[in-house]
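Just so it is clear, none of the values below were taken in a lab; they were calculated from the coordinates. It should be emphasised that the depicted structure is a prediction, and the values quoted were computed from it without experimental measurement. All Cβ positions, even for glycine, are placed from backbone atoms using ideal geometry, and neighbour counts span all protein chains on display.
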There are 2 protein chains.
Amino acid sequence: MRYAENHKVETHKAILKAAAAELREHGPDRLSVGSVMQAAGLTHGGFYAHFKSKDALLIAALHDTFERSRRRVVKLLEGLPPKNALATYIDFYVAETHRDHPETGCPITALNSDTPRQSKKFKAAFEAGIKSIVGLIERLMREAGVADPEHLAPSIFATMAGAVSLSRTISDQALSDEFLSTTRTNIKVRLGLTDTALASEEPN
Amino acid sequence: MRYAENHKVETHKAILKAAAAELREHGPDRLSVGSVMQAAGLTHGGFYAHFKSKDALLIAALHDTFERSRRRVVKLLEGLPPKNALATYIDFYVAETHRDHPETGCPITALNSDTPRQSKKFKAAFEAGIKSIVGLIERLMREAGVADPEHLAPSIFATMAGAVSLSRTISDQALSDEFLSTTRTNIKVRLGLTDTALASEEPN
DNA sequence: ACCATTGTATTACGATCATCATATAACGAT
DNA sequence: ATCGTTATATGATGATCGTAATACAATGGT
């Protein structure tokens with residue numbers, strides 16, 4: 001071998017990282033192999049030594065993003081009492097910061113309407129991500145003693161993802177904020193979390 | 001003049017109609033001028049006699065679609081008592097049929113995540129559509145005597161749009177259906193519509 | 001010091017696409 | 001029947017992009 005032990009591995013990671021951001025910011029169709037490679041500090045030619053196609057890159061990036069998100073959330077919630085964890089997650093997801101930074105946010109809100117038009121494998125990875133998050137919400141609800149978690153969780157997540165997605169399309173600040181803040185409040189009401197002191201950071 | 005009085009007007013409408021479907025089915029980026037013209041029974045060259053750019057077409061198609069949707073909904077709900085109208089609209093929107101036919105459905109669910117990446121004018125048209133629908137829901141809520149319509153309506157719509165959007169990305173039939181049916185039920189519970197006989201077609 | 005190996009860069013190809021200039025054809029008035 | 005007008009078709013251009021073949025360069029073992 002002639003290159004440093006982990007050159008290729010490092011480069012691979014850099015490409016993946018660049019792709020993960022560009023995927024969420026510009027979507028699967030506008031992401032270009034060339035600009036991903038450029039963002040990774042390389043030229044486009046070497047790409048196919050790392051991924052066998054653009055689609056393979058998209059799938060790897062999506063998968064990687066879900067895995068990182070999952071770990072971040074676990075860390076965010078660890079040690080919190082159940083109801084607090086649930087409220088914290090809702091505030092974390094349905095947030096102005098999340099709205100303003102799609103490139104580091106949840107792929108589900110960022111790629112909602114793109115996904116049905118993507119490859120089967122891409123959709124499968126996306127679906128796995130949805131299941132994972134719905135599963136998380138379900139578990140948090142169960143631990144918090146909320147009734148009927150398995151029937152409520154999908155609808156709760158639809159509300160969360162829908163609100164963040166829509167808030168991104170609205171330039172009218174007041175209305176965009178309204179989508180987020182009323183949604184936070186509403187979800188907590190639905191889950192019976194409003195009377196607790198946990199939601200104290202919530203302005204409504 | 002040498003062509004029939006309304007040749008051009010008719011053609012214009014045909015292009016718009018083709019674009020409206022292709023926009024919702026394939027998204028703004030994958031919609032191609034060529035295939036829209038072909039769907040309208042024409043060749044691509046004549047396009048610029050009708051629209052000054054692809055973006056202008058997208059905006060016109062989006063605007064047109066919202067207007068048609070609005071009229072269709074007015075017709076659907078006219079004559080219904082308030083609570084019934086509200087429940088009917090929810091069932092109409094959060095529906096398997098809607099999920100399965102993006103090309104004739106609501107552009108908001110179809111273009112959720114594409115919109116932040118489009119032109120300012122496109123986003124403005126999209127935003128007008130959101131405001132119109134949220135306004136409709138607000139009005140229906142007010143007429144139905146539901147509390148706090150102006151704060152609830154955005155969150156209700158986020159739930160509706162989110163559920164349909166997500167249901168389209170899920171190939172797991174059971175889970176996809178679950179998103180829709182639990183969302184219908186949940187919204188009605190939130191709005192106090194469940195005890196009425198109105199929601200009788202609702203399986204849950 | 002050098003060479004075999006392998007990661008990366010150069011360059012090219014073919015496809016798709018938006019846009020536009022120009023040619024053709026349809027039709028109503030004469 | 002013919003002609004002027006205008007809607008549509010043909011064809012070209014330049015850009016972007018995914019993919020791939022090939023050339024170059026970096027490094028560790030000898």
Check your understanding: Of B:80, B:76, B:111, which residue is buried (at least 17 other Cβ atoms within 10 Å of the Cβ) and among the aliphatic types (A, V, I, L, M)?
Key -> B:111
Check your understanding: When you scan region A:150-171, how many residues do you find that are within 19 Å of the chain's Cα centre (by Cα) and either of a type in the set (A, V, I, L, M, F, W, C) or more than 7 Å from chain B (Cβ to nearest Cβ) (or both)?
Key -> 10
Review point. Does residue B:143 qualify as being touching a residue at least 24 places away in the same chain (Cβ under 8 Å), under 26 Å from residue A:181 (Cα atoms) and not hydroxyl-bearing (Ser, Thr, Tyr)?
Key: yes
Point to revise | Selected residue (only one of A:147, A:174 is assigned to a loop (DSSP other than H, G, I, E, B), within 12 Å of chain B (Cβ to nearest Cβ) and more than 27 Å from residue B:24 (Cα to Cα)) | key: A:147
Check your understanding: When you scan region A:177-196, how many residues do you find that are under 22 Å from the mean Cα position of the chain (by Cα) and not in a helix (DSSP H, G or I)?
Key -> 0
Point to revise | residue A:18 vs. criteria over 14 Å from the mean Cα position of the chain (by Cα), touching a residue at least 40 places away in the same chain (Cβ under 8 Å) and away from DNA strand D (no atom under 12 Å from the Cβ) | key: no
Review point. Residue check, residue B:97 against (1) among the β-branched types (Val, Ile, Thr); (2) within 17 Å of residue B:16 (Cα to Cα); (3) surrounded by fewer than 16 Cβ atoms within 10 Å (Cβ to Cβ), all met but one. Which one?
Key: (2)
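Conditions (1) within 23 Å of residue A:123 (Cβ to Cβ); (2) basic (Lys, Arg), marked per residue:
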residue	(1), (2)
A:6	no, no
A:11	no, no
A:21	yes, no
A:25	yes, no
A:36	yes, no
A:44	no, no
A:54	yes, yes
Study note, to complete from the structure: Scanning region A:84-116 residue by residue, those in contact (Cβ under 8 Å) with a residue 24 or more places away in the chain, under 17 Å from residue A:24 (Cα atoms) and of a type in the set (D, E, K, R) turn out to be A:96, A:99, A:103, A:114
Review point. Given the conditions (1) under 17 Å from residue A:111 (Cα atoms); (2) surrounded by fewer than 21 Cβ atoms within 10 Å (Cβ to Cβ), and given that residue B:120 satisfies all but one, which numbered condition is not satisfied?
Key: (1)
Check your understanding: Among the residues of region A:34-58, which ones are near DNA strand D (Cβ under 9 Å from one of its atoms), over 22 Å from the mean Cα position of the chain (by Cα) and not polar (S, T, N, Q)?
Key -> A:34, A:37, A:44, A:45, A:46, A:47, A:48, A:49, A:51, A:52
Practice item. For residues that are without any contact (Cβ under 8 Å) to a residue 24 or more places away in the chain and more than 14 Å from DNA strand D (Cβ to nearest atom), tally how many sit in region B:21-33. Key: 1
Point to revise | Every pair of residues 6+ apart whose Cβ atoms lie under 6 Å, when the first sits in region B:119-130 and is over 13 Å from residue A:167 (Cα atoms) while the second is outside any loop (DSSP other than H, G, I, E, B) | key: B:119/B:55; B:121/B:59; B:122/B:58; B:122/B:59; B:125/B:59; B:125/B:62; B:125/B:63; B:129/B:66
Study note, to complete from the structure: Here the residues within region A:107-143 that are hydrophobic (A, V, I, L, M, F, W, C) and within 11 Å of chain B (Cβ to nearest Cβ) are A:108, A:110, A:111, A:122, A:124, A:125, A:126, A:128, A:130, A:133, A:134
